[in-house]
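A.B. asks: The structure's right below; bear with me while I get my questions together.
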Amino acid sequence: SASPQSQSSIDAARHMQRLWGYLIKDLSDPSNDLSDELKANLISIGLWVLKETDAIIAGTSENWSGLIEINRTVREGLAP
């Protein structure tokens, strides 16, 4: 298991930021057909993820369990 400030942990945090940045951009697009409520909720989650990953990269947080749990919950909620 990698330490919270290892290069692989920082790379994972940056990857998560890129993923959620892409998702937020897509959710903000007027042509996105999801309900406004669902889009707003997912954007809110994405902003929280970006804040948490910023803190991990800065070395002020080690909240990987929160990030894993929220991403797992979103994934399970979006599954058909």
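A.B. asks: What number of residues within the range 55-71 satisfy the criterion of being surrounded by 11 or more Cβ atoms within 10 Å (Cβ to Cβ) and polar (S, T, N, Q)?
C.D. replies: So the answer is 3.
A.B. asks: For the range 28-49, enumerate the residues that are touching a helix residue (DSSP H, G or I) at 6+ places or on another chain (Cβ under 8 Å), open to solvent by less than 60 Å² (accessible area, probe 1.4 Å) and either of a type in the set (F, W, Y) or over 14 Å from A12 (Cβ atoms) (or both).
C.D. replies: N32, K39, L42, I43, I45, G46
The values are calculated or read from the model by the stated rules, or taken from the named source; none is laboratory data. Here the structure is a predicted model, which means the values were calculated and not measured. All Cβ positions, glycine included, derive from the backbone under ideal geometry; neighbour counts span all protein chains shown. These area figures cover heavy atoms from the full protein model, side chains too; ligands, DNA and RNA do not enter into them. Shrake-Rupley method; radii C 1.70, N 1.55, O 1.52, S 1.80 Å.
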